[in-house]
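Before any comments, here is the structure.
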Amino acid sequence: MKELPKAYEPKNYEDKIYKKWEDSGLFNPDVCVKKGVTEKKAPSFSMALPPPNVTGTLHMGHAAMLAIQDVMARYHRMKGDKTLWVPGTDHAAIATQTKVEKLLVAKGLKNPRQELGREKFLEEVKKFAQQSHDTIVNQCKKMGSSLDWSREAFTLDEQRNLAVRTIFKMMYDDGLIYRGYRIVNWCPHCLSTLADDEVEYKEQTAKIYTFKYGKDFPIAISTTRPETKLGDTALAVNPKDKRYKKYIGQVFDVKKFAGGPDLKIKVVASDEVDMNFGTGALGVTPAHSLVDYEMAQKNKLPIIKIIGEDGKITGDASKNYEGLTAKEARRKVVEYLQQNNLMEKEEEAPNNLSVCYRCGTPIEPLPSQQWFIYVNKPIKARGKKSLKQLMQAAVKNKKIEIIPERFNKTYFHWIDNLRDWCISRQIWYGHQIPVWYCLSCAELDSLGVKQVTGETVVPRSEKLVPIVSIDAPETCPKCDSQSIFQDPDTLDTWFSSGLWTFSTLGWPNKSEDLENYHPTSVMETGYDILFFWVARMILMTTYALGEIPFEKVYLHGLVRDEQGRKMSKSLGNVIDPLDMIAKYGTDATRLSLLVGNTPGNDMKLSEEKIVGFRNFTNKLWNISRFMLLNIDEPKMDILAPNPKTNADKWILAKCQIVIESVKNYIDRYQFSSAGEELRRFTWDELADWYLEAAKVEGEKSQVLNFILNTLLKLWHPYMPFVTEAIWQEMYGPVAILMVESWPKALDEFYGQDYGDMVNFEFIAYIVSEIRMLKMEKGIEPAKKIGALLNVGNKEKLLRGNEEIIKALARLEKLEFVKSGAEVALDLAGAVDTTKEKARLEKEIQELKKYTVGLENKLANKEFVKNAPKEVVEKEQDKLNEVKSKLEKLQQQFENLK
RNA sequence: GGAUGAUUAGCUCAGCUGGUUAGAGCGUUGCGUUCACAUCGCAAAGGCCACUGGUUCAAGUCCAGUAUCAUCCACCA
């Protein structure tokens, strides 16, 4: 006999319990093996935690991710698998740097990078990242995540840096990484390139200007960005366009366009030009539009860069405009065109503006010398497949399964549209590219460098010959000169996080972890980073290791607010997981994120939902409290006891069924269904019926002990804290539920004979009927009255459970009879029979309708012919059952008269 | 422009390969302080499963189309 406190107080247990788990070392599979908790040869189950960005704190999305993954980790650990869940954080290059810059600006610095210099600035970033990291780790622990902290990784630590340098060298040597002068997405605020999918589009209305380059120019063009026309080298028309056909191939000289540079405009044909848009003619600006750039390459047109990395007009080709920002230049061009009667039309039209996904600044496409990865080039070491093909194959041949399946389509579509991946970034926080240049080998004069000092900024130039090396070379391998310097650029953050599943396991070293735990079992993450990250991991891993990074991809949805809006600080609708944990406990918070949603779909979260699960947590606590009061001496490894009564048989059978279905649901990644199933068993079956019966029957120590052990184990992956807390109340401070073995369904309780189960269900049905009758007749539930039961062919069963029926239906007297209605109340006159008659009539009508439906179905020859036997039989059984029920009701109805 | 998802009870959502009178939680209504729990119990009400066709003995479930909403991708200058 143990007695728990009346209500569960999460605060009194959670931190202590987490500390105990952590101190036990059992998050580490090696320790589990050493302590004999897991067998040495057990199958392994491994996951890499999607590393949260060190840009701040965790939100509900992270909490959901941690909860789902922890369910899997704990389930597999209890099942006896060697379970490894590796934690870590992501340096999130641009995101973190931007964040720190903002903080420094808020502190009063005007231009932090310039004022501090690379080294000091990076120190600031590191400080911030460290703080953020600590917060995140603490939050992961608060969520109860059973992560193996001894293996914690950071995308920018030394081990990961080695992995990055190694794979860069591999790819370079395989000819997959190249340096090129290409149009890139340039963010003039971050002063860096962005990958294609780091560009976002914002709807806006823009002014479209229609004008001619010059007075004698025969064709007018339309554009939203007149200032870029300073760099036009061609005009494209559709070859089918009769208006302009005659001009194709001609070259027009435009003197001093908009008071600026002279232009040579060649008229070229392109199918891509829409004849119906604007004037049907497109001014081609090869340097500042990707489409135009491609057109220029096809037609061998010159590329004139007129906007520089600072977002200002460059001097080379744009006299009179040099140094103006794009905005200023636009105003000036427009003014000129208006004043010189070249402007034909100005109109507002909807338009998509491309902006930086980090800072929202409009993107400036411009040509620049950058590092790229070929996605279409055949790779010798991989059967001449390209990276694209490797990525496609992994999913197409089902080595990787994406859950839910529909994301396959999105994934393939993305790959089809994939262009070479620009991996160099002009920011400081990140993996510096493992490339060095020798100044002695290069002709410095031609680079515009006169004298080399420590602080010399060397312009980006293809004239610098790259020396690619895993470790920093001391001298130039060609000329032995010591004046070499490392490429100042850093790598796209996804380059390093793409290695995550194997870099965290020790690659490029041939580690045991890599051997044991790679490929990982599951990658659980949000669908919003399917392209950014999941696809890149597949790319990197299939290339580097020739194997997949994970077998399953489980994609969860976004956590939204009650109204379905994204949670954001500016909207003020953010629900902080830590607040919820403080108010309602971790288990309630976890359940609210685990139950009531399906993979790939967004979920709406409200505080009320969490309150509901807090109530359930307390319910479980009190169920345990009651059970413990009726268990003599709890035993941890109690065997299933022999059931004595109908109720015992029923609950033991139900228990086996729930064990089986929870297992099936979790194995099929239906975490919500498993949780609902468990909740239903716990509340509707165990608490509402069995425990009530137990109060009557008494002496249930063994059954209760067995059921409670099973119950706590089954709930543990979902609610680790409350279950562990109860477990320790039961079995002392040394016991750890987390590594107890997962329950197995036992055939003897339900395999052969469902009869036992159905028997108690009949008792429950009778009790419900009596309660219903009392309610219908306006008798207070607590008021004790008498009742008559027609025993039919169930005399033994009913008499055997007489006390239960009396107690649960609150009867003072129960008589068994052999005729009349199934159940009748001893009403002692004075009761409103009209109400009861109406109720019966309604029910009879409904049953009649149902009977007719069934009869029609069975009379249908087609149905009998075509439907499977079992279905037909089932329908026949249904009909018989309904008919007999109908008879009984009609008899009752008659009796009332 | 292309794609995907959603549309089921007042609200939030389940419903896997088509086969019980379509389910749950919350909320609502009525009754209730039975010695685990009012963070509770008992009971009830509430649904042409968006719409229109089709396939089938049988459709919430499969197919086609329509509408509304959401998201993603591409981007037209």
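The values are calculated or read from the model by the stated rules, or taken from the named source; none is laboratory data. Keep in mind it's a predicted model, so treat the numbers as computed, not measured. Here Cβ is always computed from backbone atoms with ideal geometry, including for glycine, and neighbour counts include all displayed protein chains.
Here are a few things to note about the model shown:
- Complete set of residues in segment A:670-690 that are surrounded by fewer than 21 Cβ atoms within 10 Å (Cβ to Cβ) and either assigned to a helix (DSSP H, G or I) or away from RNA strand B (no atom under 11 Å from the Cβ) (or both): A:Ser672, A:Ser673, A:Glu676, A:Glu677, A:Arg679, A:Arg680, A:Thr682, A:Trp683, A:Asp684, A:Glu685, A:Ala687, A:Asp688
- Entirely in segment A:823-897, the helices (runs of 4 or more DSSP H) that have 3 or more residues that are more than 10 Å from RNA strand B (Cβ to nearest atom) and modelled with pLDDT under 90: A:833-859, A:869-896
- Candidates A:Tyr718, A:Tyr669 - the one that is closer than 30 Å to A:Glu405 by Cα, in contact with a Lys or Arg (Cβ under 7 Å, 6 or more places away or on another chain) and in contact (Cβ under 8 Å) with a residue 40 or more places away in the chain: A:Tyr718
- When A:Thr504, A:Thr475 are screened for being in contact with a strand residue (DSSP E or B) (Cβ under 8 Å, 6 or more places away or on another chain) and buried (at least 23 other Cβ atoms within 10 Å of the Cβ), only A:Thr504 passes.
- So A:Leu301, is it within 16 Å of RNA strand B (Cβ to nearest atom) and in a strand (DSSP E or B): no
- The lone criterion from (1) within 13 Å of RNA strand B (Cβ to nearest atom); (2) under 39 Å from the mean Cα position of the chain (by Cα); (3) under 14 Å from A:Thr710 (Cβ atoms) left unmet by A:Ile631 is number (2).
- First in segment A:683-696 and on the phi < 0 side of the Ramachandran plot and aliphatic (A, V, I, L, M), second anywhere and part of a helix (DSSP H, G or I) and more than 6 Å from RNA strand B (Cβ to nearest atom), Cβ under 6 Å, 6 or more apart: A:Ala693/A:Ala647; A:Ala693/A:Ile804; A:Val696/A:Glu803; A:Val696/A:Ile804; A:Val696/A:Ala807
- Condition met for A:Asn615 (surrounded by fewer than 20 Cβ atoms within 10 Å (Cβ to Cβ), near RNA strand B (Cβ under 10 Å from one of its atoms), modelled with pLDDT of 95 or more and closer than 26 Å to A:His59 by Cβ): yes
- Residue in segment A:630-638 that is farther than 30 Å from A:Ser521 by Cβ, of a type in the set (A, V, I, L, M) and out of contact with any Phe, Trp or Tyr (no Cβ under 9 Å at 6 or more places or on another chain) present: yes
- Scanning segment A:250-288 for residues being over 23 Å from A:Lys332 (Cβ atoms), loosely packed, with under 15 Cβ neighbours inside 10 Å and more than 8 Å from RNA strand B (Cβ to nearest atom) gives a total of 3.
- Pairs where the first residue, in segment A:157-181, is over 20 Å from A:Ala129 (Cβ atoms) and aromatic (Phe, Trp, Tyr) and the second is in a helix (DSSP H, G or I) and modelled with pLDDT of 95 or more, C-beta under 9 Å, 6+ apart: A:Phe168/A:Phe495; A:Tyr178/A:Tyr172
- Residue that is surrounded by the most Cβ atoms within 10 Å (Cβ to Cβ) [pool: residues in segment A:309-355 that are assigned to a strand (DSSP E or B) and either of a type in the set (Asp, Glu) or away from RNA strand B (no atom under 16 Å from the Cβ) (or both)]: A:Ile313
- Considering residues of segment A:2-31 that are among the hydroxyl-bearing types (Ser, Thr, Tyr) and in contact with a helix residue (DSSP H, G or I) (Cβ under 7 Å, 6 or more places away or on another chain) only, the residue farthest from A:Ala588 (Cα to Cα): A:Tyr18
- Residue list for segment A:221-249, restricted to those being among the aromatic types (Phe, Trp, Tyr) and away from RNA strand B (no atom under 13 Å from the Cβ): A:Tyr247
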